[in-house]
Amino acid sequence: MAVLLALVAIAFFVLPLIALLRRAPWSSLWDTLNEPVARDAIRLSVECSLWATFFSLVFGVPLAYVLARARFPGRSLVRALVVLPMVFPPVVGGVALLYAFQRNNGLLGGLIYDLFGFQFTFSKWGAVLAETFVAMPFLVITVEAGLRSMDRRYEDAAASLGATRWTVFRRITMPLIAPALFAGAALAWARALGEFGATITFAGNIQGRTQTTPLAVYIFLESNPDVAVVLSLALFAISIIVLVSLRDHWFGGIRDAGR
């Protein structure tokens, strides 16, 4: 019985992929990818997701270090807030970002515009901000798990020999957590690449500016199904490759971060 139910579950995940493969316009695949809307969407997705991964690394690694090593009141609450974007609907995150960073009536958006003449809404950087918001938790929990599981005796030995904290972190800690760092960055990038809800809610859906690949799939599903199917296959393939290759890092990160 268990095997039968497992086969049904596997079919539940495999059948949609088979349907996509069956519907794909294989004879005109390259021409479809070369259409302006597809090129713009792919280019913008790659660009925004790489920026989101960069910002996740810049801010997420220090946050993971603090959560793994520091002891302070409310640490569990902070960790819960960090993980929150992973569990609530992305569109809710988009609404929250909108009321925080929109130019009119935003918590910080108006101030940012008055000081720098810059607004996040309906801009490429708004898409980057939305993708960073949903992607950074994947990096944080993975790097935190790496920091928690590493052998700290190497750090203690280096410190006892006179190495500064920065030297210990750069020469000892970073190489030891490199696999977790790579896994977290890859997961963050894949999540940013596939982001939809927060992006369309906060940054809009403007071709060449904020219309990333998932948004293009949504728009062209009715008007140009071939483009939608080809772009869906591209995202599907990337997601599967990343998740399968990093499965042990991912589930290990969730398990260790919860300790």
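Please treat every number below as a calculation from the coordinates, not as lab data. Note that the structure is predicted; figures quoted are calculated from it, not measured. Positions of Cβ are backbone-derived with ideal geometry, glycine not excepted, and every protein chain shown enters the neighbour counts.
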Compute the long axis of helix 36-69 from its Cα atoms, compare it with the longest principal axis of the Cα atoms of the chain, and write down the angle in degrees, 0 to 90, nearest 10.
20
Short version: ³J(HN,Hα) in whole Hz for each residue of the range 82-90, in order, from phi by Karplus 6.51 cos²θ - 1.76 cosθ + 1.60 (θ = phi - 60°), x for Gly and Pro, what are they?
5, 7, 3, x, 7, 10, 8, x, x
Within a Cβ distance under 14 Å of PRO25, other residues only, what is the Lys/Arg minus Asp/Glu net charge?
-1
Using alpha-carbon positions, what is the distance between the centroids of the range 185-214 and the range 26-71, in Å?
8
Counted neighbours (other Cβ, 10 Å), sorted fewest up, put GLU131, GLU195 in the order GLU195, GLU131
Compute the length gained on full extension between MET150 and ASN105: take 0.36 nm times their separation in residues and subtract their Cα-Cα distance, giving the result in nm to one decimal.
11.6 nm
To test your reading of the geometry: what angle, between 0 and 90 degrees and rounded to tens, separates the Cα axis of helix 2-23 from the longest principal axis of the chain?
50
Let me check I've understood the local charge: for VAL134, count other residues with C-beta under 10 angstrom from its C-beta, Lys and Arg +1, Asp and Glu -1. What total comes out?
-1
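Treat the count of other C-beta atoms within 10 Å as a stand-in for reagent exposure and order LEU67, LEU115, LEU221, LEU107 from fewest to most.
Ranked by crowding around the Cβ, least crowded first: LEU115, LEU107, LEU221, LEU67.
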Hull surface over four for the Cα convex hull of the range 140-234, reported in nm², is 8.4
For the range 110-196, report the translational diffusion coefficient in µm²/s to the nearest whole number, using Stokes-Einstein at 37 °C, 0.692 mPa s, and a Kirkwood Rh over Cα pairs.
214
Measure nothing but the geometry: give the 0 to 90° angle between the long axis through the Cα atoms of 124-149 and the longest principal axis through the Cα atoms of the chain, rounded to 10°.
40
If you look at just the Cα atoms of the range 42-84, how large are its Rg and its Dmax in Å?
13.8, 44
Counting only Cα atoms, I'd like the Rg/Rh figure for the chain, Kirkwood definition for Rh.
1.03
State whether the range 1-126 is rounded, prolate or oblate according to the following rule on the C-alpha gyration tensor (a ≥ b ≥ c being the square roots of its eigenvalues): a/c under 1.5 gives rounded; otherwise a/b larger than b/c gives prolate, and the remaining case gives oblate.
oblate
